[in-house]
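These notes concern the structure reproduced below.
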Amino acid sequence: MSPAGGLAFMSSWRGLVESLSDAVCLDSDLLVRWKETTEPAAGVSSSVLRQGVLIFSTPTPDLATIRIPSIDQALLETSGPYAGIAIDQTQPAVIALVNALTSGAAGVEPCDPFVLDLVALSTAYVELF
Amino acid sequence: MYTYPAPVVPPACVLLAIPVELVPIVGALFARMERRSAWSTAADHQLGYKAFVELQDQLMNACIDELIQEIRAIRGVKPDYESVPVDERTTDMYRDFNDLIGHLLPIIFALRGPEDIPDSLIEALRGETPASATRNVVDQLI
């Protein structure tokens, strides 16, 4: 299903539910799930407690976060005051993700939880939960 | 759940020095406040989300180092220490503001002309004599 098709489905589904309810619908979410049919073993160095956080500016102007589970530690800077903490923004994989988030990919441009576009990367580093 | 507090008027903040090695842990603590479940209402969540993402962004600004460098840039390095790398300089390698005033005084005197400079003016420029409604540096220069 295309993103546009998903939105159309959600709109029609919302109308069907509203006709059965006294409540007023303020917003609705469409979840798109992806799952391996056969689960592979976890990566040797993966950790659910380690996240990469990419902080983007938004037009308001405000800031918004995008999180990468178990960020690859090879992407962290190796020198300077933030060695081992800051994500190296010159890495091709990082550049590709940032471009996709700010310019869109496959016809979809992501936004923050308050429907504001992601404009430019402000900073990126690792957080430990 | 939290209600976003009313802003203090006039705005005030706290400057907190966080060791860099704690940034990933402190950032994660701030990140918990991004969740909708941390806040009472949607409006509180929107304000709280913005505030705590801003705090996470500030963790990467090395703000105190930048402030110190800005202040040192205003003071200017003493000539004897210009060859010392910036990150190896200590505070005594920079001019203090009395040095700066000492350098400025001859320039001001030269611009004013050959007349004798009253002691009271010199004391005022050095900050040794407080200004008042009837005694200030501008009046004495005119």
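I need every pair where a residue in the stretch A:71-93 that is of a type in the set (Gly, Ala, Ser) has its Cβ under 6 Å from the Cβ of a residue that is in a loop (DSSP other than H, G, I, E, B), sequence separation at least 6 or different chains.
Going by the 6 Å Cβ cut-off, the qualifying pairs are A:Ala83/A:Glu77; A:Ala86/A:Glu77.
Do we have A:Ala42 as in a loop (DSSP other than H, G, I, E, B) and either among the charged types (D, E, K, R) or surrounded by 10 or more Cβ atoms within 10 Å (Cβ to Cβ) (or both) here? Before you say what the answer is, go through the steps one by one.
Numbers: in a loop (DSSP other than H, G, I, E, B): yes; either among the charged types (D, E, K, R) or surrounded by 10 or more Cβ atoms within 10 Å (Cβ to Cβ) (or both): yes.
Considered against the rule, which asks whether it is in a loop (DSSP other than H, G, I, E, B) and either among the charged types (D, E, K, R) or surrounded by 10 or more Cβ atoms within 10 Å (Cβ to Cβ) (or both), A:Ala42 comes out as yes.
I'm trying to understand the selection: among the residues of the stretch A:1-58, which are in contact with a strand residue (DSSP E or B) (Cβ under 6 Å, 6 or more places away or on another chain) and among the hydroxyl-bearing types (Ser, Thr, Tyr)?
A:Ser57, A:Thr58
Within the stretch B:83-96, can one find any residue that is part of a loop (DSSP other than H, G, I, E, B), touching a Gly at 6+ places or on another chain (Cβ under 7 Å) and farther than 21 Å from A:Arg67 by Cβ?
Yes, that holds for at least one residue.
Cβ-Cβ below 8 Å, separation at least six or inter-chain, first residue in the stretch B:69-80 and in a helix (DSSP H, G or I), second charged (D, E, K, R) and loosely packed, with under 15 Cβ neighbours inside 10 Å: which pairs?
As it stands, the answer is B:Arg75/B:Asp96, since those pairs meet every condition given.
Could you say which residue among A:Ser11, A:Ser21 is assigned to a helix (DSSP H, G or I) and farther than 26 Å from A:Pro69 by Cβ? Give the steps one after another, and end with the answer.
On the way: A:Ser21 fails: assigned to a helix (DSSP H, G or I).
Of A:Ser11, A:Ser21, the one residue that is assigned to a helix (DSSP H, G or I) and farther than 26 Å from A:Pro69 by Cβ is A:Ser11.
Do we have B:Asp57 as charged (D, E, K, R), more than 10 Å from chain A (Cβ to nearest Cβ), in a helix (DSSP H, G or I) and in contact with a strand residue (DSSP E or B) (Cβ under 7 Å, 6 or more places away or on another chain) here?
Here the answer is no, as B:Asp57 does not meet what is asked.
How many residues, within the stretch A:87-129, are within 12 Å of chain B (Cβ to nearest Cβ), acidic (Asp, Glu) and in a loop (DSSP other than H, G, I, E, B)?
1
Are any residues in the stretch A:58-69 buried (at least 16 other Cβ atoms within 10 Å of the Cβ) and over 18 Å from B:His45 (Cα atoms), and if so, which ones? Can you show your working first?
So in the stretch A:58-69, the residues buried (at least 16 other Cβ atoms within 10 Å of the Cβ) come out as A:58, A:62-66, A:68.
Selection gives A:Ile68 alone.
Just a yes or no: is a residue in the stretch B:39-46 within 13 Å of chain A (Cβ to nearest Cβ), among the hydroxyl-bearing types (Ser, Thr, Tyr) and in contact (Cβ under 8 Å) with a residue 24 or more places away in the chain?
Yes, the stretch B:39-46 contains at least one residue that is within 13 Å of chain A (Cβ to nearest Cβ), among the hydroxyl-bearing types (Ser, Thr, Tyr) and in contact (Cβ under 8 Å) with a residue 24 or more places away in the chain.
Going by the structure shown, is B:Ile108 of a type in the set (Val, Ile, Thr) and in a helix (DSSP H, G or I)? Spell out the reasoning first.
Details: of a type in the set (Val, Ile, Thr): yes; in a helix (DSSP H, G or I): yes.
When the stated conditions are applied, B:Ile108 passes them.
Within the set of pairs 6 or more residues apart or between chains, which connect a residue that is farther than 18 Å from A:Ile85 by Cβ inside the stretch A:33-56 to a residue that is acidic (Asp, Glu) and in a loop (DSSP other than H, G, I, E, B) with Cβ atoms less than 9 Å apart?
A:Phe56/A:Asp112
Test of understanding: among B:Ala42, B:Ala110, which residue is of a type outside the set (S, T, N, Q) and loosely packed, with under 10 Cβ neighbours inside 10 Å?
B:Ala110
Give B:Leu47, B:Leu22 a once-over and let me know the one that is closer than 30 Å to A:Gln73 by Cα and surrounded by 12 or more Cβ atoms within 10 Å (Cβ to Cβ).
B:Leu22
So is B:Met33 surrounded by 15 or more Cβ atoms within 10 Å (Cβ to Cβ) and outside any helix (DSSP H, G or I) or not?
Spelling it out, it is not the case that B:Met33 is surrounded by 15 or more Cβ atoms within 10 Å (Cβ to Cβ) and outside any helix (DSSP H, G or I).
Considering only residues that are of a type in the set (Val, Ile, Thr) and within 29 Å of the chain's Cα centre (by Cα), look in the stretch B:1-41 and name the one that is farthest from A:Gly84 (Cα to Cα).
B:Val9
Since every read-out is calculated from the coordinates, none of them should be taken as a lab result. Small disclaimer: the values here were computed from a predicted structure and weren't measured. Positions of Cβ are generated from backbone atoms using ideal geometry, with glycine treated the same way; all protein chains shown enter the neighbour counts.
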